[in-house]
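Computed from the coordinates by the stated procedures, all read-outs in this text should not be read as laboratory data. Owing to the predicted nature of the structure, the values given are computational and were not obtained by experimental measurement. Because the Cβ atoms are built from the backbone with ideal geometry, glycine has one as well, and the counts that use them run over all protein chains shown.
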There are 2 protein chains.
Amino acid sequence: MGKKGFTSTVFPVETISIGGTDEQVVKGGRDKFNLLAAGFAGIKQIGVIGWGSQGPAQAQNLRDSLEGTGIVVKVGLRAGSDSVKKAGEKGFTEENGTLSEMFEVIKEVELVILLISDAAQVENYKEIFAAMKPGATLGLSHGFLRGHLDSIGEEFPGGIGVIGVCPKGMGPSVRRLDEQGKEISGAGINCSFAVEQNPNDNAVDIALAWAIALGAPYVFQTTLRDEYKSDIFGERGILLGAVWGIVEALYYVLTMSGNFSKRDAFRSTVENITGPISRIISAQGIIGLYQQFQGKEKEIFEKAYASVYSYAYVLLMEIYDEVASGNEIRSVVMAGERLKNYDMSKIDRTEMWEIGDQVRKDRSELALDPLTAGIYAGVMMAQVDLLKEKGHCWSEICNESVIEAVDSLNPYMHYKGIAFMVDNCSRTARLGTRKWGPRFEHVVRLEAIPTYYEDGEQTKNIDELVFESFRNNPVHQALAVCATMRPAIDISVVG
Amino acid sequence: MGKKGFTSTVFPVETISIGGTDEQVVKGGRDKFNLLAAGFAGIKQIGVIGWGSQGPAQAQNLRDSLEGTGIVVKVGLRAGSDSVKKAGEKGFTEENGTLSEMFEVIKEVELVILLISDAAQVENYKEIFAAMKPGATLGLSHGFLRGHLDSIGEEFPGGIGVIGVCPKGMGPSVRRLDEQGKEISGAGINCSFAVEQNPNDNAVDIALAWAIALGAPYVFQTTLRDEYKSDIFGERGILLGAVWGIVEALYYVLTMSGNFSKRDAFRSTVENITGPISRIISAQGIIGLYQQFQGKEKEIFEKAYASVYSYAYVLLMEIYDEVASGNEIRSVVMAGERLKNYDMSKIDRTEMWEIGDQVRKDRSELALDPLTAGIYAGVMMAQVDLLKEKGHCWSEICNESVIEAVDSLNPYMHYKGIAFMVDNCSRTARLGTRKWGPRFEHVVRLEAIPTYYEDGEQTKNIDELVFESFRNNPVHQALAVCATMRPAIDISVVG
């Protein structure tokens with residue numbers, strides 16, 4: 001099903017001008033919660049299946065937001081799952097009728113929100129489809145299953161609705177911001193939505209209600225195919241793979257230079273990105289980051305940006321091709337088979353991350369590092385430009401390349417380190433981070449940094465076109481528009 | 001076509017006992033050159049298409065070996081190719097009738113040896129098939145085109161023979177060893193051969209003649225499918241990707257430890273592998289490397305081996321799955337499209353490789369490093385064990401995982417550095433090295449080395465099973481058998 005605009009009989013649809021294009025959006029917030037019952041008309045029970053990253057967040061946010069509507073939120077888990085206890089601690093129990101074996105739940109609810117791992121979806125989708133009530137709606141939180149069905153030439157079954165509501169942040173952020181919002185003014189994580197099958201003509205309203213109940217500040221339209229491409233690509237890029245690769249490379253370069261203690265190298269790289277760089281981009285955009293620098297530091301930023309941009313773009317093209325061709329989805333499915341026999345290894349066993357633990361315990365004032373900022377901005381912009389080239393809408397680009405990074409993932413990395421951030425995303429994301437992070441490390445260490453030093457530190461040989469295109473990029477206006485629709489509070493992950 | 005044993009009316013076929021199995025082989029050498037005309041019966045002209053890595057080597061070796069037989073070796077190149085001049089310098093010219101536009105050559109010869117890049121094969125295979133004379137034979141030097149046709153559900157056309165002769169070494173080695181052999185006793189690079197289509201019942205003899213004319217010490221049978229799996233996998237593993245990743249990681253670890261100068265770190269890692277470690281494995285096998293160490297050094301080797309083995313095995317499983325599923329071939333084809341617009345970047349622009357240039361200019365006695373040796377042997381053995389698990393024959397395993405490394409590729413790396421070695425292989429290999437090398441770097445730096453240091457340097461906690469399996473591995477006998485059939489001289493790449 002294509003993306004051709006949408007109407008809603010329940011929620012007000014607005015048209016915004018963003019990055020030189022028009023997009024339809026629905027704004028969320030607590031003042032819209034009185035519309036949720038109408039949006040979910042016909043739905044008596046919602047089944048949230050799975051308790052990984054998104055499961056706990058969505059089950060709790062939905063239950064909180066739907067209080068008083070009479071709609072019951074039930075959690076469905078594999079028989080004997082370790083998560084039964086965890087769900088119980090959050091109030092989902094067999095005793096109170098809100099926890100059951102997953103197929104029991106799937107059989108009885110009108111909306112199945114399927115948040116089990118991608119591998120488990122691939123393994124169980126036929127049984128899940130068969131168990132659903134006729135006319136019920138299948139809800140996905142990203143397009144992986146659509147991509148898998150594409151890769152094997154299959155379709156969703158007729159007679160059920162199929163929608164996507166895809167929060168542009170990790171599960172813990174979806175929960176944390178919504179909790180914070182209760183006490184202040186309403187906050188959460190932006191969501192895209194997609195309608196893939198709409199047999200009862202109610203799919204748009206259900207999707208919008210779902211997104212608003214999660215706490216989305218605003219909701220924009222996509223397709224499941226655009227979603228899986230941008231999502232699987234984005235997490236392999238700047239959201240997880242690239243940010244990890246960048247900091248591993250820069251930490252190496254700075255410590256090997258002999259001019260930095262290991263502690264200072266960590267502060268100039270990891271701490272810089274997850275702290276001040278992310279905070280400034282969140283508030284003032286990527287262009288706002290650039291505007292922090294003057295004189296010599298501005299030259300360093302520009303040179304670093306220009307040194308990395310084209311190498312990162314080439315790697316990002318490769319990742320996009322791998323995702324769009326189905327290769328990456330086949331890889332994840334094959335990895336699922338192998339992972340039955342061994343665990344995924346830890347990614348933070350080196351000295352660098354021990355030093356990070358010390359740095360986090362003993363924080364002090366930190367100056368922006370123009371080299372790190374330029375490299376990070378260069379990779380981020382390469383991702384923005386590639387997604388635009390591939391036809392994604394500005395809301396998707398901004399959320400998948402910038403907002404999710406600076407407002408969801410990086411704050412968790414700032415709080416607890418790289419492994420905590422990566423391992424609180426989906427297994428598909430964890431696999432992709434381990435696969436592509438090392439490539440970004442090489443882009444920075446073997447390509448960008450040697451280029452940076454090739455002509456000394458003078459900026460005269462910078463590719464002016466590259467930097468000119470940065471200054472004039474429509475993403476800056478697009479991010480400013482998104483900022484007007486962002487949560488009124490910053491995420492606070494300590495607590 | 002399966003692999004079911006073979007007979008030859010021209011060349012003596014022997015059965016050898018290797019690694020506990022029987023394999024049929026044909027031994028080469030200059031004393032067999034008098035059989036080449038009979039092996040090539042019916043072939044008046046051989047067209048060598050392409051002038052990349054294998055092209056120059058095979059064209060020259062064939063011409064030399066066939067001197068006096070009346071069989072003409074012609075080179076075919078794209079119109080306007082830069083390689084026309086290079087081929088001319090080696091005596092292949094339009095004037096003397098041994099150089100022409102590639103389709104002109106394909107149309108007139110009885111054996112087309114297709115050595116253009118994999119990307120060019122993918123782009124031109126239909127025209128090439130159509131241009132061949134009925135009854136002619138298509139010769140491939142690895143199974144990539146078979147894999148590509150598999151991935152798109154196509155077949156070779158009927159009416160032509162299709163064979164593979166696959167030298168287990170880079171083009172420059174194929175040429176260099178054959179040249180050396182002229183003056184001493186006969187030498188070259190082992191080849192596998194495969195018969196895919198055999199309409200005239202002469203395919204086995206043509207393949208054997210081709211391999212022996214290249215200078216192969218011995219020839220063993222495979223299928224094009226086994227060949228592309230082991231070949232594409234092997235070069236992503238220990239032959240190129242893994243060896244590069246290992247040395248990048250170990251150089252990092254040693255320099256960051258503060259106990260090594262950069263020069264000493266390079267000597268303990270890169271120089272150790274490409275120099276003494278490769279020489280000892282070449283002469284005495286992997287078990288012979290282990291036997292060099294005593295006491296404390298032996299413990300370091302064992303602990304390093306056990307620390308890396310299982311992590312490397314997991315990554316190698318992933319690579320094998322990617323190759324066998326067709327993903328890797330699709331990736332190479334997609335990269336070919338992207339490479340029309342940019343060049344592949346250099347991989348030796350960092351300080352480490354500048355230090356390597358200095359080390360190579362000023363060589364001195366070098367002690368074996370047990371840590372480097374243990375890591376290298378652990379990764380190599382993981383590859384050996386995985387190929388056995390996947391059903392490859394011992395000749396293929398030994399040549400693709402050990403002999404090609406220590407007798408062909410590593411000596412070139414020792415001579416001119418990493419980029420020279422990698423960039424003198426096929427583009428498919430270059431792409432794979434850039435893709436998987438960083439993953440091996442992470443296996444060593446983020447997994448093996450932290451594991452190595454976890455319990456101090458005592459060996460008491462080594463996984464004894466892993467090491468026991470090394471000591472009793474049938475590969476040691478298999479390599480000893482291969483050694484009896486190896487060239488009587490070592491490759492000398494200086495000169």
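A simple spin-label model places pseudo-atoms 7 Å from Cα toward Cβ; at A:Ala38 and B:Glu354 they are separated by 6.9 nm.
Distance check, please: which entries in A:Lys4/A:Lys32; B:Lys262/B:Lys303; A:Lys168/A:Lys388; A:Lys346/B:Lys229; A:Lys85/A:Lys416 exceed 26 angstrom between their Cα atoms? Correct reply: A:Lys346/B:Lys229. In this structure the amide hydrogen of B:Ile18, modeled in the peptide plane, comes within under 5 Å of the amide hydrogens of B:Glu23, none closer than 5 places in sequence on its chain. With Rh defined as the Kirkwood radius, the inverse of the mean 1/r over Cα pairs, the Rg/Rh of chain B is 0.97.
What shape does the stretch B:309-397 have by the C-alpha gyration tensor, where a ≥ b ≥ c are the square roots of the eigenvalues, rounded means a/c under 1.5, and otherwise prolate means a/b greater than b/c and oblate the rest? Oblate, since a/c reaches 1.5 and b/c is not below a/b. At A:Thr93 and A:Glu67, where each label point lies 7 Å from the Cα along Cα→Cβ, what is the point-to-point distance in nanometres? Label at A:Thr93, label at A:Glu67, 1.9 nm between them.
Kirkwood analysis of the Cα pair distances in the stretch B:341-495 returns a hydrodynamic radius of 18.2 Å. Within chain B, antiparallel bridges make up roughly 35 percent of the DSSP beta bridges whose residues both belong there. Projecting 7 Å from Cα along the Cα-to-Cβ direction, the label point of A:Asn96 sits 9.0 nm from its equivalents in the other copies, listed shortest first. So in the protein assembly as shown, what percent of DSSP beta bridges are antiparallel if you round to the nearest 5? In the protein assembly as shown, approximately 35 percent of DSSP beta bridges are antiparallel ones. The distance linking the stretch A:192-233 with the stretch A:58-74 is 19 Å (Cα centroid to Cα centroid, whole angstrom).
Using a 10 Å cut-off around each Cβ, can you sort B:Leu479, A:Leu99 from fewest to most neighbouring Cβ atoms?
Ascending number of Cβ neighbours within 10 Å: A:Leu99, B:Leu479.
Placing R0 at 51 angstrom, the Cβ-Cβ distance between A:Ser151 and B:Asp31 gives a FRET efficiency of 0.40 after rounding to 0.05.
Under 5 Å from the amide H of B:Ala187 lie the amide H atoms of B:Gly181, each residue being 5 or more positions distant or on a separate chain, with H modelled from the backbone and absent for Pro and chain starts. Our coupling estimate for the stretch B:400-414, obtained by passing each phi through the Karplus curve with A = 6.51, B = -1.76, C = 1.60 and θ = phi - 60°, is 7, 10, 10, 5, 4, 5, 7, 9, 10, 6, 4, x, 6, 5, 5 Hz, Gly and Pro reported as x. Hey, what D do you get for the stretch A:19-137 in µm²/s if you plug the Kirkwood alpha-carbon radius into Stokes-Einstein at 20 °C and 1.002 mPa s? The estimated diffusion coefficient comes to 140 µm²/s.
So, R0 is 56 Å and r is the distance between the beta-carbons of A:Asn198 and A:Ser492; what FRET efficiency does that work out to, to 0.05? Efficiency at R0 = 56 Å is approximately 0.90. If you sort the three axes of the alpha carbon gyration tensor as a ≥ b ≥ c, you get a/c of 1.5 or more for the stretch A:387-443 and a/b no higher than b/c, which makes it oblate. Legend: calculated FRET efficiency, A:Arg338 to A:Glu127, from the Cβ-Cβ distance at R0 = 30 Å, rounded to 0.05, equals 0.85. What is the Cα centroid distance between the stretch A:125-158 and the stretch A:280-359, reported in whole angstrom? About 31 Å separates the Cα centre of the stretch A:125-158 from the one of the stretch A:280-359. Inter-copy label distances at A:Asp357, using a point 7 Å along Cα-to-Cβ, come to 4.2 nm with the shortest given first.
Rounded to the nearest Hz, the phi-derived 3J(HN,Hα) couplings of the stretch A:155-168 under the Karplus curve 6.51 cos²θ - 1.76 cosθ + 1.60 (θ = phi - 60°) are 10, 5, x, x, x, 10, x, 10, 10, x, 10, 10, x, 8, where x marks glycine and proline. Over the protein assembly as shown, the hull volume per residue, using the convex hull of the C-alpha atoms, is 176 Å³.
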